[in-house]
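Down below is the structure, laid out as structure tokens.
The values are calculated or read from the model by the stated rules, or taken from the named source; none is laboratory data. Everything numeric in this text was worked out from a predicted model, so none of it was measured. Every residue, glycine among them, receives a Cβ derived from its backbone with ideal geometry; neighbour counts consider all protein chains shown. Note: accessible area is taken over every heavy atom of the protein model, side chains too, but ligands, DNA and RNA are not part of it. Shrake-Rupley method; radii C 1.70, N 1.55, O 1.52, S 1.80 Å.
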Amino acid sequence: MKILVGIKRVIDYNVRVQVNRDGTGVVKDGVKMSINPFDEIAVEEALRMKERGEAEEVVVVSIGPDAAQQQLRTALAMGADRAVLYQAEEEIQPLAAARALLKIVQAEEPGLVLLGKQAIDDDANQVGQMLAALWDRPQATFVSKLERTGDTLKATREVDAGLENIEVDLPAVVTVDLRLNEPRFVKMPDIMKAKRKPLDIKPFAELGVEMPPQLEVGAHEPPPKRQGGTKVESVAALVKALKDKGVL
Amino acid sequence: MSRVLLIADHDGKTLNTGIARTVACARQLGNVHVAVFHAPDADAACAAAAKLDGVSRVLSVSHEANGTPLAAVLAPQIARLAAAHEGGYDYVLAPSTTFGKDVLPRVAALLGVPQVSDLMEVIDARTFKRPIYAGNVITTVKVPEGIPVLATVRIASFQAVGEAGEAPIVAAQAEAELPGHSRYLGLAESGGSDRPDLQSAPRVVAGGRGVGSKENFEIVFKLADKIGAAVGASRAAVDAGYVPNDMQVGQTGKIIAPDLYIAVGISGAIQHMTGIKDAGCIVAINKDGDAPIFEAADFGLVGDLFTLLPELEKALDA
């Protein structure tokens, strides 16, 4: 089985994101960029499945700027077999991304597509579900445990009521949650080795995606600041303050 | 008047508490119909939906396949209902619960339209605010004219509507070809306590890594029971195995907006603060006076939680 993993280049999760001066976006100049953390977990899971003999090939794909080659190289250094970048300098919204992934899926014919449950930049949480719909295949979202038995997958999903199990037939789309695994640390020799692995770069236009209606993105603003920061000296003072405020 | 289709999140018996909050958003947009997909003879959630103020009709969609919440099974039916029922809907909304987040993008793709995730404020009929970057940035998005608006609604941003409504419940058909490739096996683990529901409780007490162990978490439960609060936890506490994941508050857990939030032994990572930004009053109890949560807390108390919590309980008796 071939596993296709989608990854997105995003601002590193450790960076405190700032709105730019004219409110048209966020500050990206000189800011550390990384693989979307959930996507990194997806890469790790694909590699573990390969190591267990449940998959033969792991292909990572990204749709994004030329610089996303860095993130694909990281995935190759983790152990992915090859990578493809569909170059798009403009923002590709979820439905367009899902349509693009469908084209890639039709060309690659993977048995499983693994994606992060959401990208930590737009927090949309849509692409996996949309791809599954367009592909007319099962989806398992928010997955924290995955077991393959023959042509089916048993997935444990993190839902509001606790954990839920579903079973899906392959091929399928799985979006992963934090607790699925801990991505491996990339060692120097692996980074060197990754430089020789195949990384194809193609223009996004080559996919021939019919562009869906797009959301018009307007102003960006910081959230209203909480007026916090008051410290009280004792439990008695706290109780009094809460009673005065009418919350106790 | 615009027509809004709201997809109910329920467990076969009770309606998710987020629905009353989603209705508050939906009624700003038009005439609200709530669709309840359920198994035959399991339609208790319909009656609950009919009571919500602002709901003008409940569409009861009964089908053998609808007894379990599988997105692959429900999405084609929702898409069908949204596009065809009485000429189609202008809006299709679902709460930003794991159910809504699972199913609605699948519907959006079938309809070929974009989705607004985590809608937090209605600016006008097509313009909305939503959080990005873990709530550190609020952005405004506009849905182009001529297509239905699909959105998941950030329930913490809306106050629940009342329950004095009397909407008629009507049977609706949503015939679509249903796949057999996905099977629901059941809940593997559930919090299942008698305590108030984390997402709707007016008071929440939450513990973090500072609580130290599963056994020590009892101290958090005790304080919560004392003030009738729900119990939450930071991701660190969940990862350490102190409590199950469904208690997690934060970017990757639940986003809540109680009147009172007491954070015990929680340092206040950005991802956690995302989950409580809309809380009415935040109290932080932590031995590290420099913990970032104190910057956001309305009231901070620096000290050992194992001394302060019992003291607090006693003070509440007085």
Pop out the carbon and sulfur fraction of the accessible area of region B:59-199 as a percent, whole number, probe 1.4 Å.
-> 46
Chain B: angle of helix B:71-84 to the longest principal axis, Cα-based, in degrees nearest 10 | 50
Among A:62, B:7, A:98, whose Cα sits farthest toward the positive end of the charge dipole of the protein assembly as shown (+1 at Cβ of Lys/Arg, -1 at Cβ of Asp/Glu, about the Cα centre)?
-> A:62
Per residue, how much space in cubic angstrom lies within the convex hull of the C-alpha atoms of region B:236-318?
-> 104
Proximal lysines to residue B:222, defined as alpha-carbon separation beneath 19 angstrom and excluding residues fewer than eight positions away on the same chain | B:214, B:314
Dimensions (Å) - region B:1-46, Cα atoms, principal axes, largest first | 33, 19, 10
Over all pairs of distinct alpha carbons, what does the Kirkwood formula give as the hydrodynamic radius of the protein assembly as shown, in Å?
-> 24.3
Restricting region A:131-225 to GluC sites (Glu not before Pro) in coil, as DSSP defines it, with at most 14 other Cβ within 10 Å | A:210
Let me have the 222 nm mean residue ellipticity of chain B computed from DSSP H runs of 4+ only, each contributing -39500 (n - 2.57), with the sum over all residues rounded to the nearest 500.
-> -7000 deg cm²/dmol
Using 7 Å Cα-to-Cβ label points, what is the residue B:218/residue B:295 separation (nm, one decimal)?
-> 3.7
Set of lysines near residue B:129 by C-alpha distance (under 28 Å), chain-local residues within fewer than 8 positions excluded = A:8, A:28, A:32, A:117, A:225, B:101, B:142, B:254, B:277
Of all DSSP beta bridges in the protein assembly as shown, what percent run antiparallel (nearest 5)?
-> 35
Would you mind telling me the antiparallel percentage of the DSSP bridges in region B:111-257, rounded to 5?
-> 50
On the accessible surface of region A:66-138, probed at 1.4 Å with all protein chains in place, carbon and sulfur together account for a percent value of 41
Restricting things to alpha carbons, tell me how big chain B is in terms of Rg and Dmax, in Å.
-> 20.7, 63
Spin-label point model (7 Å from Cα, Cβ direction): what's the residue B:123 to residue A:28 distance in nm?
-> 2.1
The FRET efficiency for residue B:193 and residue B:316, from their Cβ-Cβ distance with R0 = 22 Å and rounded to 0.05, is 0.60
For residue A:188 and residue A:48, what does the FRET efficiency come to when R0 = 22 Å and r is the distance between their Cβ atoms, rounded to the nearest 0.05?
-> 0.50
What are the semi-axes of the equivalent ellipsoid of region B:1-153, taken as the square roots of 5 times the eigenvalues of the Cα gyration tensor, listed largest first and rounded to whole Å?
-> 24, 16, 15
Summed for both chains, how many Å² of accessible area, to the nearest 100, are buried between A and B with a 1.4 Å probe?
-> 6800
Are there GluC sites (Glu not before Pro) in region A:27-117 that DSSP marks as loop and that have at most 15 other Cβ atoms within 10 Å, and which are they?
-> A:56, A:89, A:90, A:91
Exposed-loop-free span, longest in chain A, where trypsin sites (Lys or Arg not before Pro) count as exposed if DSSP calls them loop and at most 16 other C-beta atoms lie within 10 Å = A:53-183
Return the tail of the calculated pair distribution for region A:78-197, meaning the percent of Cα-Cα pairs more than 24 Å apart.
-> 35
Per residue accessible area of region B:178-310, 1.4 Å probe, in Å² = 37
What is the set of long-range amide H partners of residue B:10 at a cut-off below 5 Å, with H atoms built 1.01 Å from backbone N?
-> B:16
Hey, got the dipole for the protein assembly as shown? About the Cα centre, +1 on K and R Cβ, -1 on D and E Cβ, debye to the nearest 20?
-> 920
Could you work out how far helix B:98-111 tilts from the main Cα principal axis of chain B, as a 0 to 90 degree angle to the nearest 10?
-> 30
Expressed as a whole number of Å, what is the distance separating the alpha-carbon centroids of region A:141-208 and region A:1-79?
-> 12
Give the accessible surface of region A:141-231 per residue, rounded to a whole number of Å², with probe radius 1.4 Å and ligands, DNA and RNA excluded.
-> 55
Among B:40, B:119, B:103, the residue whose Cα sits farthest towards the positive end of the charge dipole of region B:1-154, when +1 is placed on the Cβ of each Lys and Arg and -1 on the Cβ of each Asp and Glu, is B:119
How many percent of all Cα-Cα pairs in chain A sit more than 25 Å apart?
-> 48
To two decimal places, what compactness ratio does region A:40-143 give when its Cα radius of gyration is scaled by 2.2 N^0.38 Å?
-> 1.03
Counting DSSP beta bridges in region A:1-121, what percent are antiparallel, to the nearest 5?
-> 20
Neighbour net charge for residue A:160 - beta-carbon separation under 12 angstrom, K R +1, D E -1 | -4
Area projected by the alpha carbon convex hull of region B:84-152, averaged over all directions, nm² | 5.0
Can you list the residues of region A:203-225 that have at least 50 square angstrom less accessible area with all protein chains present than in their chain by itself, probe 1.4 Å?
-> A:213, A:215, A:216, A:221, A:223
Can you pull the one-decimal nm distance between simple spin-label points at residue A:20 and residue B:14, each 7 Å off the Cα toward Cβ?
-> 4.8
Just how far, in whole angstrom, is region A:214-248 from region A:83-99 if you go by their alpha carbon centroids?
-> 39
Could you state the orientation-averaged shadow area of the convex hull built on the Cα atoms of region B:160-318, in nm² to one decimal?
-> 13.3
Region B:289-308-region B:171-221 distance, computed between alpha-carbon centres (Å) | 27
Once the Cα atoms of helix B:305-317 and of chain B are each reduced to a long axis, what angle between those two axes, in degrees from 0 to 90 to the nearest 10, is obtained?
-> 80
Can you list which of the chymotrypsin sites (Phe, Trp or Tyr not before Pro) found in region B:82-166 are DSSP loop residues with at most 10 other C-beta atoms within 10 Å?
-> none
